[in-house]
Structure formats: C-alpha cells, structure tokens
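Beneath this line is the structure, given in structure tokens, with notes to follow.
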Amino acid sequence: QVQLVESGGGLVQAGGSLRLSCAIFGNIFSVNAMGWYRQVPGKRRELVSFGKSGGETTYADFVKGRFTMSRDNANDMLYLQMNSLKPEDTAAYFCKAEVGEFDYWGEGTQVTVSS
C-alpha cells in the first residue's frame with residue numbers, strides 16, 4: 001500500500017511559479033508509475049503529467065513548456081515545477097501512484113492563480 005501527501009499549493013499571480021511536492025509513504029518499490037492530475041469544481045479530473053518509473057514523462061498540451069515533473073527516488077518525493085502560471089491553471093492538484101492494478105491518490109493541494 002502507498003500513501004501520498006501533496007504540499008506546495010497556494011495563491012500566486014499570473015506569470016509566477018510554484019513547486020508542488022508529493023511525499024510517498026509505504027511500499028514505494030511497488031509503484032509502477034506516478035503523476036499529477038488537476039480538478040476544477042464541477043469538472044472531471046484531468047491529467048497534467050504522468051510517467052512510468054524510469055520512463056519518459058507525458059504532459060498535457062496545456063502545460064507543455066511550462067510545467068516539469070521530476071522524481072527524487074532517494075527521498076521518496078515527486079515534484080511538479082509550474083512556471084508561467086495562468087489563471088486557467090487554478091485547480092486542486094492531485095498526486096497519483098499506480099501499483100499493479102490499483103490507483104492511489106493524495107488529498108490534493110489547491111493552486112490559485114490571480115490575474
């Protein structure tokens with residue numbers, strides 16, 4: 001089993017940057033893939049970035065060139081560096097881990113971008 005705890009969200013002006021962190025607890029060696037999703041109230045949760053362990057990262061078109069996902073295996077952390085933020089990036093951001101056929105989610109961290 002895996003537990004995920006996100007942090008780093010907050011309020012930022014358009015054009016600013018934030019770095020989200022996801023701390024990974026539990027049987028981390030069982031994690032096949034990890035990534036970030038986001039959700040706005042009333043809308044479906046959407047993929048931001050995702051990648052298999054040791055593999056390439058896939059990014060949604062709306063964040064390409066602005067967001068970068070990275071993983072620190074030594075410290076069991078996943079990061080999302082978000083630059084050139086836009087008001088439309090406002091959402092709750094969730095960390096996800098795939099372990100076999102199971103998906104694990106954190107509780108999310110809110111990002112609000114003011115215009």
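Test Ser84 against the criterion of being modelled with pLDDT of 95 or more and outside any strand (DSSP E or B), and give yes or no.
Considered against the rule, which asks whether it is modelled with pLDDT of 95 or more and outside any strand (DSSP E or B), Ser84 comes out as yes.
Is there a residue being more than 18 Å from Trp105 (Cβ to Cβ), touching a residue at least 60 places away in the same chain (Cβ under 8 Å), open to solvent by 50 Å² or more (accessible area, probe 1.4 Å) and not in a helix (DSSP H, G or I) anywhere in region 18-41? Taking every residue of region 18-41 in turn, at least one turns out to be more than 18 Å from Trp105 (Cβ to Cβ), touching a residue at least 60 places away in the same chain (Cβ under 8 Å), open to solvent by 50 Å² or more (accessible area, probe 1.4 Å) and not in a helix (DSSP H, G or I).
Look at (1) within 21 Å of Ser30 (Cα to Cα); (2) open to solvent by 60 Å² or more (accessible area, probe 1.4 Å); (3) at pLDDT 95 or above and you find that Phe102 fails only one, number (3).
When the residues of region 58-70 are filtered to those that are in a strand (DSSP E or B) and open to solvent by 40 Å² or more (accessible area, probe 1.4 Å), the one that is farthest from Arg19 (Cα to Cα) is Thr58.
Consider region 71-81 and keep the residues that are open to solvent by less than 60 Å² (accessible area, probe 1.4 Å) and modelled with pLDDT under 95. The one that is farthest from Ser17 (Cα to Cα) is Asp76. Here region 1-15 is the region considered, the condition is being among the small types (Gly, Ala, Ser) and exposed (fewer than 15 other Cβ atoms within 10 Å of the Cβ), and the residue that is farthest from Asp89 (Cα to Cα) is Ser7.
Can you go through Gly55, Gly51 and tell me which one is in contact with a Ser or Thr (Cβ under 7 Å, 6 or more places away or on another chain), under 20 Å from Ile24 (Cβ atoms) and surrounded by fewer than 18 Cβ atoms within 10 Å (Cβ to Cβ)?
Being in contact with a Ser or Thr (Cβ under 7 Å, 6 or more places away or on another chain), under 20 Å from Ile24 (Cβ atoms) and surrounded by fewer than 18 Cβ atoms within 10 Å (Cβ to Cβ) holds for just one of Gly55, Gly51, which is Gly51.
Against the numbered list (1) within 16 Å of Gly35 (Cα to Cα); (2) surrounded by 15 or more Cβ atoms within 10 Å (Cβ to Cβ), Thr90 comes up short only at (1).
Apart from one condition, Arg44 fits all of (1) in contact (Cβ under 8 Å) with a residue 24 or more places away in the chain; (2) over 15 Å from the mean Cα position of the chain (by Cα); (3) under 29 Å from Ser115 (Cβ atoms); the exception is (1).
The values are calculated or read from the model by the stated rules, or taken from the named source; none is laboratory data. Quick caveat, the model's predicted, so the values are computed rather than measured. Cβ sites come from the backbone with ideal geometry, for glycine too, and all protein chains shown count toward neighbours. With ligands, DNA and RNA removed, areas are computed over all heavy atoms of the protein, side chains included. Shrake-Rupley method; radii C 1.70, N 1.55, O 1.52, S 1.80 Å.
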